[in-house]
Amino acid sequence: MELRPFGTTKRDVAVIGQGTWNMERDDPAAALAALRVGIDLGMTHIDTAEMYGSGAVEELVGEAIAGRRDDVFLVSKILPENASRKGTIAACDRSLARLRTDRLDCYLLHWKGRHPLEETIAAFAELRREGKILAWGVSNFDRADLEAARRIGGEHAVACDQVLYHLGERSIEHAVIPWCDAHAAAVVAYSPFASGRFIRPRTAGGRVLEEIAAAHGVTTRQVALRFLIRHHSLFAIPKASSPEHAVENAAAGDLRLADEELARIDGAFPLGARPRELPTL
C-alpha cells in the first residue's frame, strides 16, 4: 500500500483508507471482518464519526482496532451541533470512549454549523495540548471556509479537508485542492464510488474505465479509485461492507496508471464549471 505524508501531521498515511459511513446498516460480522482485513492489507487510515449510527459505528471500529491501535491512523468527526468549546471537548471524550482509545490521530468538524469556528478551533487546540487529538481538520469546507479556519488556527493548522469526490463530482479541483496544496493540507475523498451509484458500463466513460481495467487486469472500481488519488495531496476512504470488497479496494493502492490513461479518464469525466456551493451528501 502506498503511503504519503498526511498534511502537516508528520505521518505517512495509506492513500486508500477505510470509510465507515452507513456501516451500521451492514451485517456487523461482515463489516467487522472487512475492517480487519483492510488493516491487514495496509488500509490503516480509518475514518468514522459520532454521527454514524449515533455512535454505533465508532463502537464497531473500536472493536476492529482492539489490540492494534498503534497500527492505525484513526480519524473521527464531531457534529456541528456539538461544536461549541465545551461541547467539542465532551464530544471528543465520548468518541474516545466508544473507540476504546486515549487519542485520535485527527479530529474533524463534520461541516460548518451555528457555533463560531473560533470556539471549535479553541477546543481543538485544548484537545491537542491534552494529547487527546494529535491533529485537527475539517470536512465539507470550501475555499472561503478553509481560509477562515486558517486565519483562526494559524498557518498549517488545518491538517486536512474531507470532501465529496468521485468521477462524476470533481468540483474540489477548482479551489479546494489548490488551497490545500498551498497550505500543506491533505485532501480526503469520501464516497469515491458515488455512494453506490458507480459509473454504468455502457456509457462512454464506463467503456474507457473498462478498457483501462482490462489492460491492467483489474476492476473498473480500482481504476476509478486510483484516478482519484493521482495527486500528491489526495487520499480516499471507500467503505467496504465485506472482506472481498476490502481486498478489491486495497489493491488500488498499488495500481499505477500511465499519464495517457489518466488523460483518457480526465477527458471521459470532464471537470465542469465551478458550482456556487461545494457539493456534499
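The values are calculated or read from the model by the stated rules, or taken from the named source; none is laboratory data. Remember, it's a predicted structure, so these values are computed and weren't measured experimentally. All Cβ positions, even for glycine, are placed from backbone atoms using ideal geometry, and neighbour counts span all protein chains on display. Side chains are part of the model used for accessible areas, which takes the heavy atoms of the whole protein and leaves out ligands, DNA and RNA. Shrake-Rupley method; radii C 1.70, N 1.55, O 1.52, S 1.80 Å.
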Task: Other-chain or far-sequence residues with amide H under 5 Å of L104's (modelled H) - done: I133, L134
Task: Spin-label model distance (nm) - L79 vs V247, 7 Å beyond Cα toward Cβ - done: 3.8 nm
Task: Extended-chain gain in nm, criterion 0.36 nm per residue less alpha-carbon gap, A258 and T280 - done: 4.9 nm
TODO: Using DSSP, restrict attention to beta bridges with both residues in the chain and report what percent are antiparallel, rounded to the nearest 5.
DONE: 15 percent
Open item on the list: Considering only C-alpha atoms, what is the centroid distance from segment 32-49 to segment 132-166, in Å?
Closed with: 24 Å
Open item on the list: How much length would be gained if the chain were fully extended between E130 and A215, taking 0.36 nm per residue of separation minus their Cα-Cα distance, in nm to one decimal?
Closed with: 25.5 nm
Open item on the list: With +1 on the Cβ of every Lys and Arg and -1 on the Cβ of every Asp and Glu, and nothing else charged, how large is the dipole of segment 135-279 about its Cα centre, in debye rounded to the nearest 20?
Closed with: 340 debye
Task: Total charge dipole magnitude, segment 64-164, about the Cα centre, Cβ charges on Lys, Arg, Asp, Glu only, Debye to nearest 20 - done: 280 debye
Open item on the list: Using only the heavy atoms of the protein chains and a 1.4 Å probe, how would R170, R230 rank by accessible area, largest first?
Closed with: R230, R170
TODO: Please list, in chain and number order, the residues 5+ apart from H45 or on another chain whose amide H is under 5 Å from its amide H, with Hs placed from the backbone.
DONE: A14, Q18, F73
Open item on the list: Ignoring ligands, DNA and RNA, please state the percent of accessible area on the chain from carbon and sulfur, probe 1.4 Å.
Closed with: 49 percent
Task: the chain - accessible surface per residue (Å², probe 1.4 Å) - done: 42 Å²
TODO: Mind putting a number on the dipole of the chain about its Cα centre? Charges go on the C-beta only, +1 for Lys and Arg and -1 for Asp and Glu, and I need it in Debye to the nearest 20.
DONE: 380 debye
Task: Most fluctuating residue given options A125, A29, A250, as computed from a GNM of the chain linking Cα atoms under 10 Å - done: A29
- [ ] Normalising by the residue count of the chain, find the relative contact order in percent from Cα pairs under 8 Å and 6+ residues apart.
- [x] 22 percent
Open item on the list: Can you give me the angle between helix 28-40 and the longest principal axis of the chain, using Cα atoms only, in degrees from 0 to 90, rounded to the nearest 10?
Closed with: 80 degrees
Task: Net charge of Cβ neighbours under 9 Å - reference E126; Lys, Arg +1; Asp, Glu -1 - done: +3
Open item on the list: What is the angle, in °, between the Cα long axis of helix 143-153 and the longest principal axis of the Cα atoms in the chain? Nearest 10 is fine, range 0 to 90.
Closed with: 30 degrees
